[in-house]
Amino acid sequence: MGTPSISACMEIKDGTHPAKIVLMPGDPLRAKYVADTYLENPVLFNDVRAMYGYTGMYDGVEVSVMGSGMGIPSMSLYAHELFTQFGVEGIIRIGSAGGVGDTVNVRDIVVAMSASTNSAAPERYGLPGHIAPTADWDMLRTAVKIADDMKLRTSVGSVYSSDFFYYPDPEVAKKEREAGLLAVEMETAGLYTEAMYCHKKALGLFTVSDHLFKPEHLTPEEIRTSFNDMMVIALKTAAEITKKL
């Protein structure tokens, strides 16, 4: 398939647009929650396939939030179109992750410096060897400083983006822990690779909702209500980066 002349899965409503920086949770209803809770005068710019996207004001600048769906293919599709067809300069992924690192606890915020993956998606670019998808440095250091100023516990390091939610090999989590990875999720390697090749900015922020080697986990209700600190970090980061653009 060639590059489409129009968006394959988005239709921007008349008189609306995505902001330069877009927050992207996997769940479109979480995007609606962020818009309703944190943005001033949010306006719906996309609802194709119920993948809601909103633009509003935060700290005096435009910020957008839009769902990405689950998995690298879905994230890569939306990120590519936002980067290449709608003028978006940066995407901040916000979501949950399963902890694997010994120093990571449930409710901690993980900042993804890089993302390993079992997906073949990064190899489609044909670079000899293996691509090492990484975060934008300015976004990363801005987010960490904001978290420090808010006195929040964060862990900065590498995550693992898996194509499998239910992995068939029960021993793989031990290998992830031995490799020094902090957490497992399903989108960041795709986002970082798209950003690299589109020459854009990207960052992944996660709240640890459960831990593969510790008994504690969050209930669905706790997941919905405990992500607020992560969302505020992402929003403040988006605002600060936007002011530099």
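Numerical summary
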{"item": "Count - residues of the range 17-35 that are in contact with an Asp or Glu (Cβ under 7 Å, 6 or more places away or on another chain) and surrounded by 23 or more Cβ atoms within 10 Å (Cβ to Cβ)", "result": "2"}
{"item": "Any chance THR37 is at pLDDT 95 or above, among the hydroxyl-bearing types (Ser, Thr, Tyr), touching a Cys at 6+ places or on another chain (Cβ under 7 Å) and more than 30 Å from ALA179 (Cβ to Cβ)", "result": "no"}
{"item": "Count - residues of the range 155-184 that are open to solvent by 10 Å² or more (accessible area, probe 1.4 Å), at pLDDT 95 or above and not in a helix (DSSP H, G or I)", "result": "10"}
{"item": "Residues that are among the basic types (Lys, Arg) and more than 20 Å from HIS80 (Cβ to Cβ), drawn from the range 187-245", "result": "LYS214, ARG224, LYS236, LYS243, LYS244"}
{"item": "Residue check for MET57: of a type outside the set (D, E, K, R) and open to solvent by less than 20 Å² (accessible area, probe 1.4 Å)", "result": "no"}
{"item": "Residues located in the range 7-35, provided they are part of a loop (DSSP other than H, G, I, E, B) and among the hydroxyl-bearing types (Ser, Thr, Tyr)", "result": "SER7, THR16"}
{"item": "Those residues of the range 86-101 which are modelled with pLDDT of 95 or more and either touching a helix residue (DSSP H, G or I) at 6+ places or on another chain (Cβ under 7 Å) or not small (Gly, Ala, Ser) (or both), in sequence order", "result": "PHE86, VAL88, GLU89, GLY90, ILE91, ILE92, ARG93, ILE94, VAL100, GLY101"}
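The values are calculated or read from the model by the stated rules, or taken from the named source; none is laboratory data. Predicted model only: the values in this text are computed from it and were never measured. Here Cβ is always computed from backbone atoms with ideal geometry, including for glycine, and neighbour counts include all displayed protein chains. Side chains are part of the model used for accessible areas, which takes the heavy atoms of the whole protein and leaves out ligands, DNA and RNA. Shrake-Rupley method; radii C 1.70, N 1.55, O 1.52, S 1.80 Å.
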